[in-house]
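A.B. asks: Dropping the structure in here first, questions after.
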(Lines give C-alpha, C1' and ligand atoms only; values in the text may rest on other atoms or scores of the structure.)
Protein backbone atom coordinates (compact mmCIF):
# COMPACT_ATOMS: atom_id res chain seq x y z
CA UNK A 1 0.00 0.00 0.00
CA UNK A 2 1.44 3.35 -1.02
CA UNK A 3 1.91 6.15 1.47
CA UNK A 4 -0.65 8.43 -0.22
CA UNK A 5 -3.28 5.66 -0.22
CA UNK A 6 -2.67 4.90 3.46
CA UNK A 7 -2.89 8.59 4.26
CA UNK A 8 -6.12 8.85 2.29
CA UNK A 9 -7.66 5.86 4.09
CA UNK A 10 -6.69 7.44 7.39
CA UNK A 11 -8.28 10.68 6.32
CA UNK A 12 -11.47 8.89 5.31
CA UNK A 13 -11.61 7.38 8.74
CA UNK A 14 -11.04 10.78 10.23
CA UNK A 15 -13.87 12.29 8.20
CA UNK A 16 -16.13 9.45 9.20
CA UNK A 17 -15.36 10.17 12.80
CA UNK A 18 -16.09 13.82 12.25
CA UNK A 19 -19.33 12.86 10.53
CA UNK A 20 -20.40 10.89 13.53
CA UNK A 21 -19.25 13.60 15.94
CA UNK A 22 -21.18 16.49 14.38
CA UNK A 23 -24.24 15.25 16.14
CA UNK A 24 -26.46 14.47 13.15
CA UNK A 25 -29.45 12.33 14.09
CA UNK A 26 -29.19 8.68 13.17
CA UNK A 27 -30.64 7.82 9.79
CA UNK A 28 -32.78 5.19 11.36
CA UNK A 29 -34.46 7.84 13.42
CA UNK A 30 -35.05 10.37 10.59
CA UNK A 31 -37.49 9.46 7.86
CA UNK A 32 -36.17 9.97 4.37
CA UNK A 33 -39.07 12.11 3.35
CA UNK A 34 -38.82 14.36 6.43
CA UNK A 35 -36.98 17.64 5.67
CA UNK A 36 -33.83 18.50 7.67
CA UNK A 37 -33.87 21.39 10.04
CA UNK A 38 -31.68 24.40 9.29
CA UNK A 39 -28.92 23.44 11.68
CA UNK A 40 -28.60 19.92 10.38
CA UNK A 41 -28.65 21.16 6.81
CA UNK A 42 -25.73 23.49 7.52
CA UNK A 43 -23.73 20.69 9.08
CA UNK A 44 -24.44 18.47 6.13
CA UNK A 45 -23.22 21.16 3.73
CA UNK A 46 -19.97 21.47 5.66
CA UNK A 47 -19.42 17.78 5.60
CA UNK A 48 -20.07 17.58 1.85
CA UNK A 49 -17.58 20.36 1.29
CA UNK A 50 -14.97 18.58 3.42
CA UNK A 51 -15.56 15.34 1.50
CA UNK A 52 -15.09 17.09 -1.83
CA UNK A 53 -11.78 18.62 -0.65
CA UNK A 54 -10.66 15.26 0.71
CA UNK A 55 -11.50 13.55 -2.57
CA UNK A 56 -9.50 16.12 -4.52
CA UNK A 57 -6.54 15.60 -2.21
CA UNK A 58 -6.71 11.81 -2.48
CA UNK A 59 -6.90 11.92 -6.28
CA UNK A 60 -4.01 14.32 -6.42
CA UNK A 61 -1.93 12.08 -4.16
CA UNK A 62 -2.76 9.00 -6.24
CA UNK A 63 -1.74 10.71 -9.48
CA UNK A 64 1.53 12.18 -8.20
CA UNK A 65 2.53 9.54 -5.68
CA UNK A 66 3.45 12.30 -3.23
CA UNK A 67 2.40 12.16 0.43
CA UNK A 68 -0.94 13.76 1.09
CA UNK A 69 -0.56 16.79 3.37
CA UNK A 70 -3.63 18.60 4.64
CA UNK A 71 -3.31 22.13 5.90
CA UNK A 72 -5.56 25.18 5.91
CA UNK A 73 -5.63 26.86 2.54
CA UNK A 74 -4.50 30.28 3.75
CA UNK A 75 -1.80 29.22 6.26
CA UNK A 76 1.04 29.43 3.74
CA UNK A 77 -0.05 32.88 2.64
CA UNK A 78 -0.36 34.10 6.21
CA UNK A 79 3.06 32.73 7.07
CA UNK A 80 4.51 34.44 4.02
CA UNK A 81 2.95 37.77 5.01
CA UNK A 82 4.21 37.41 8.57
CA UNK A 83 7.69 36.60 7.28
CA UNK A 84 7.65 39.69 5.04
CA UNK A 85 6.54 41.87 7.93
CA UNK A 86 9.25 40.49 10.20
CA UNK A 87 11.87 41.08 7.49
CA UNK A 88 10.66 44.67 7.01
CA UNK A 89 10.78 45.28 10.75
CA UNK A 90 14.30 43.85 10.93
CA UNK A 91 15.43 46.10 8.09
CA UNK A 92 13.91 49.18 9.73
CA UNK A 93 15.49 48.25 13.04
CA UNK A 94 18.90 47.79 11.41
CA UNK A 95 18.55 51.16 9.65
CA UNK A 96 17.54 52.95 12.83
CA UNK A 97 20.41 51.29 14.71
CA UNK A 98 22.88 52.50 12.09
CA UNK A 99 21.52 56.06 12.21
CA UNK A 100 21.67 56.00 16.00
CA UNK A 101 25.31 54.90 15.89
CA UNK A 102 26.17 57.71 13.47
CA UNK A 103 24.39 60.27 15.65
CA UNK A 104 26.14 58.96 18.74
CA UNK A 105 29.53 59.14 16.99
CA UNK A 106 28.89 62.73 15.86
CA UNK A 107 27.83 63.71 19.37
CA UNK A 108 30.94 62.16 20.91
CA UNK A 109 33.13 63.92 18.36
CA UNK A 110 31.44 67.29 19.04
CA UNK A 111 31.95 66.84 22.76
CA UNK A 112 35.60 65.99 22.23
CA UNK A 113 36.13 69.03 19.99
CA UNK A 114 34.43 71.30 22.55
CA UNK A 115 36.67 69.93 25.29
CA UNK A 116 39.78 70.47 23.17
CA UNK A 117 38.72 74.03 22.33
CA UNK A 118 38.15 74.86 25.99
CA UNK A 119 41.54 73.41 26.88
CA UNK A 120 43.26 75.33 24.06
CA UNK A 121 41.55 78.57 25.09
CA UNK A 122 42.63 78.13 28.70
CA UNK A 123 46.19 77.34 27.63
CA UNK A 124 46.29 80.39 25.37
CA UNK A 125 45.12 82.69 28.16
CA UNK A 126 47.76 81.27 30.49
CA UNK A 127 50.51 81.66 27.91
CA UNK A 128 49.53 85.26 27.12
CA UNK A 129 49.50 86.12 30.83
CA UNK A 130 52.94 84.56 31.31
CA UNK A 131 54.26 86.33 28.22
CA UNK A 132 53.02 89.70 29.42
CA UNK A 133 54.54 89.07 32.85
CA UNK A 134 57.89 88.15 31.33
CA UNK A 135 57.92 91.19 29.06
CA UNK A 136 57.04 93.55 31.91
CA UNK A 137 59.85 92.12 34.01
CA UNK A 138 62.29 93.01 31.21
CA UNK A 139 61.07 96.57 30.79
CA UNK A 140 63.85 99.01 31.80
CA UNK A 141 63.05 102.43 33.21
CA UNK A 142 62.52 105.00 30.48
CA UNK A 143 65.72 106.84 29.63
CA UNK A 144 65.90 110.55 30.35
CA UNK A 145 65.29 112.78 27.34
CA UNK A 146 68.51 113.95 25.63
CA UNK A 147 69.54 117.53 26.31
CA UNK A 148 68.57 119.97 23.63
CA UNK A 149 71.20 122.07 21.87
CA UNK A 150 71.09 125.72 22.75
CA UNK A 151 70.42 126.74 19.18
CA UNK A 152 67.58 124.26 18.60
CA UNK A 153 63.92 124.71 19.29
CA UNK A 154 62.15 122.43 21.82
CA UNK A 155 60.46 119.35 20.44
CA UNK A 156 56.78 119.90 19.96
CA UNK A 157 54.68 117.54 22.05
CA UNK A 158 51.16 116.62 21.15
CA UNK A 159 48.68 118.31 23.46
CA UNK A 160 47.17 116.20 26.18
CA UNK A 161 43.78 114.90 25.33
CA UNK A 162 41.08 115.88 27.76
CA UNK A 163 37.36 115.48 27.45
CA UNK A 164 36.11 116.36 23.99
CA UNK A 165 39.70 116.89 22.79
CA UNK A 166 40.37 113.11 22.79
CA UNK A 167 39.69 112.76 19.07
CA UNK A 168 41.89 115.78 18.27
CA UNK A 169 44.72 114.41 20.44
CA UNK A 170 44.48 111.01 18.74
CA UNK A 171 44.58 112.67 15.29
CA UNK A 172 47.55 114.85 16.32
CA UNK A 173 49.54 111.83 17.52
CA UNK A 174 48.66 110.03 14.27
CA UNK A 175 49.91 112.99 12.28
CA UNK A 176 53.22 113.05 14.18
CA UNK A 177 53.70 109.33 13.54
CA UNK A 178 52.97 109.72 9.83
CA UNK A 179 55.45 112.62 9.64
CA UNK A 180 58.16 110.51 11.26
CA UNK A 181 58.21 112.64 14.43
CA UNK A 182 58.58 109.66 16.73
CA UNK A 183 59.20 111.56 19.99
CA UNK A 184 56.03 113.59 19.54
CA UNK A 185 54.09 110.52 18.47
CA UNK A 186 55.32 108.55 21.50
CA UNK A 187 54.39 111.35 23.89
CA UNK A 188 51.00 111.88 22.27
CA UNK A 189 50.00 108.19 22.22
CA UNK A 190 51.34 107.58 25.74
CA UNK A 191 49.22 110.44 27.06
CA UNK A 192 46.20 109.23 25.09
CA UNK A 193 46.55 105.67 26.46
CA UNK A 194 46.84 107.00 30.01
CA UNK A 195 43.69 109.11 29.65
CA UNK A 196 41.55 107.19 27.15
CA UNK A 197 43.07 103.71 26.97
CA UNK A 198 39.73 102.08 27.72
CA UNK A 199 37.98 103.89 24.87
CA UNK A 200 37.33 102.54 21.37
CA UNK A 201 40.65 103.88 20.04
CA UNK A 202 42.65 102.53 22.99
CA UNK A 203 43.94 99.33 21.30
CA UNK A 204 45.01 101.18 18.16
CA UNK A 205 46.73 103.85 20.26
CA UNK A 206 48.72 101.10 22.02
CA UNK A 207 49.70 99.65 18.65
CA UNK A 208 50.90 103.06 17.40
CA UNK A 209 52.70 103.70 20.70
CA UNK A 210 54.55 100.38 20.22
CA UNK A 211 55.64 101.50 16.75
CA UNK A 212 57.05 104.75 18.18
CA UNK A 213 58.83 102.79 20.96
CA UNK A 214 60.36 100.39 18.47
CA UNK A 215 61.84 103.35 16.62
CA UNK A 216 64.18 103.91 19.59
CA UNK A 217 64.57 100.14 20.25
CA UNK A 218 62.56 100.16 23.47
CA UNK A 219 61.70 96.52 22.83
CA UNK A 220 60.28 95.58 26.22
CA UNK A 221 57.94 98.56 26.37
CA UNK A 222 56.94 98.02 22.75
CA UNK A 223 56.14 94.35 23.42
CA UNK A 224 54.01 95.29 26.44
CA UNK A 225 52.12 97.87 24.39
CA UNK A 226 51.53 95.40 21.53
CA UNK A 227 50.20 92.78 23.96
CA UNK A 228 47.66 95.31 25.17
CA UNK A 229 46.77 96.17 21.57
CA UNK A 230 46.00 92.60 20.47
CA UNK A 231 44.27 91.46 23.66
CA UNK A 232 41.12 89.66 22.55
CA UNK A 233 42.47 89.41 18.96
CA UNK A 234 40.60 92.37 17.46
CA UNK A 235 39.37 92.15 13.86
CA UNK A 236 41.05 95.29 12.55
CA UNK A 237 43.36 96.06 9.66
CA UNK A 238 46.31 96.80 11.96
CA UNK A 239 46.00 93.72 14.21
CA UNK A 240 48.22 91.40 12.06
CA UNK A 241 50.93 94.11 11.99
CA UNK A 242 50.73 94.36 15.78
CA UNK A 243 51.30 90.59 16.07
CA UNK A 244 54.34 90.84 13.80
CA UNK A 245 55.70 93.82 15.79
CA UNK A 246 55.30 91.83 19.01
CA UNK A 247 57.21 88.91 17.45
CA UNK A 248 59.94 91.31 16.30
CA UNK A 249 60.27 92.77 19.79
CA UNK A 250 60.44 89.30 21.37
CA UNK A 251 63.22 88.28 18.99
CA UNK A 252 65.11 91.44 19.96
CA UNK A 253 64.60 90.51 23.64
CA UNK A 254 66.18 87.09 22.91
CA UNK A 255 62.92 85.21 23.35
CA UNK A 256 62.66 83.24 20.07
CA UNK A 257 60.34 80.55 21.49
CA UNK A 258 57.80 83.19 22.53
CA UNK A 259 58.16 84.84 19.13
CA UNK A 260 57.43 81.53 17.36
CA UNK A 261 54.40 80.97 19.56
CA UNK A 262 53.11 84.46 18.72
CA UNK A 263 53.58 83.81 14.99
CA UNK A 264 51.58 80.60 15.35
CA UNK A 265 48.72 82.64 16.81
CA UNK A 266 48.94 84.92 13.75
CA UNK A 267 48.13 81.98 11.48
CA UNK A 268 45.30 80.87 13.74
CA UNK A 269 43.54 84.21 14.23
CA UNK A 270 44.43 86.03 11.01
CA UNK A 271 44.77 83.35 8.30
CA UNK A 272 43.72 85.71 5.49
CA UNK A 273 45.96 88.67 6.29
CA UNK A 274 47.52 88.83 2.81
CA UNK A 275 50.86 88.08 1.11
CA UNK A 276 52.74 91.04 2.65
CA UNK A 277 51.99 89.88 6.18
CA UNK A 278 52.81 86.30 5.20
CA UNK A 279 56.22 87.34 3.85
CA UNK A 280 57.08 89.31 6.98
CA UNK A 281 55.97 86.40 9.14
CA UNK A 282 58.21 84.04 7.14
CA UNK A 283 61.22 86.33 7.62
CA UNK A 284 60.57 86.52 11.36
CA UNK A 285 60.28 82.73 11.57
CA UNK A 286 63.70 82.43 9.93
CA UNK A 287 65.16 84.89 12.46
CA UNK A 288 63.62 83.06 15.40
CA UNK A 289 64.53 79.65 13.90
CA UNK A 290 61.00 78.36 14.39
CA UNK A 291 60.65 74.63 13.88
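The values are calculated or read from the model by the stated rules, or taken from the named source; none is laboratory data. Computed from a prediction, not measured in an experiment: that's the story for all the values here. Every residue, glycine among them, receives a Cβ derived from its backbone with ideal geometry; neighbour counts consider all protein chains shown.
A.B. asks: Return the pairs, sorted by first residue and then second, in which the second residue is at pLDDT below 95 and not in a helix (DSSP H, G or I), the first residue lies in region 268-291 and is farther than 13 Å from residue 239 by Cβ and assigned by TED's automatic domain parsing to the domain that holds residue 232, the beta carbons are less than 8 Å apart, and the residues are 6+ apart or on different chains.
C.D. replies: As it stands, the answer is none, since no pair meets every condition given.
A.B. asks: Working carefully through the options 268, 237, find the one that is surrounded by fewer than 23 Cβ atoms within 10 Å (Cβ to Cβ), closer than 27 Å to residue 165 by Cα and out of contact with any helix residue (DSSP H, G or I) (no Cβ under 8 Å at 6 or more places or on another chain).
C.D. replies: Unique residue meeting the criteria: 237.
A.B. asks: Can you go through 20, 11 and tell me which one is surrounded by 10 or more Cβ atoms within 10 Å (Cβ to Cβ), part of a helix (DSSP H, G or I), at pLDDT below 75 and touching a helix residue (DSSP H, G or I) at 6+ places or on another chain (Cβ under 6 Å)? Quick ask: steps written out before the conclusion?
C.D. replies: Values: 20 fails: touching a helix residue (DSSP H, G or I) at 6+ places or on another chain (Cβ under 6 Å).
Only one candidate qualifies: 11.
A.B. asks: Before we move on, is residue 271 modelled with pLDDT under 95, outside any helix (DSSP H, G or I) and over 27 Å from residue 290 (Cα atoms)?
C.D. replies: No.
A.B. asks: In the list 161, 167, 185, 156, which residue meets the criterion of being at pLDDT 85 or above and farther than 27 Å from residue 262 by Cβ?
C.D. replies: Answer to the selection: 167.
A.B. asks: Name the helices (runs of 4 or more DSSP H) wholly within region 169-236 that hold at least 1 residues that are more than 37 Å from the chain's Cα centre (by Cα) and more than 24 Å from residue 251 (Cα to Cα)?
C.D. replies: 182-196
A.B. asks: From the list 209, 246, 213, exactly one residue is touching a helix residue (DSSP H, G or I) at 6+ places or on another chain (Cβ under 6 Å) and under 17 Å from residue 127 (Cα atoms). Which is it? Working first, answer last.
C.D. replies: Working: 209 fails: under 17 Å from residue 127 (Cα atoms); 213 fails: under 17 Å from residue 127 (Cα atoms).
Checking each option against the conditions leaves just 246.
A.B. asks: Can you name the condition, by its number, that residue 226 falls short on among (1) surrounded by 24 or more Cβ atoms within 10 Å (Cβ to Cβ); (2) free of Cβ contacts under 8 Å to residues at least 24 places away in the same chain; (3) over 26 Å from residue 279 (Cβ atoms)?
C.D. replies: Status for residue 226: all satisfied but (3).
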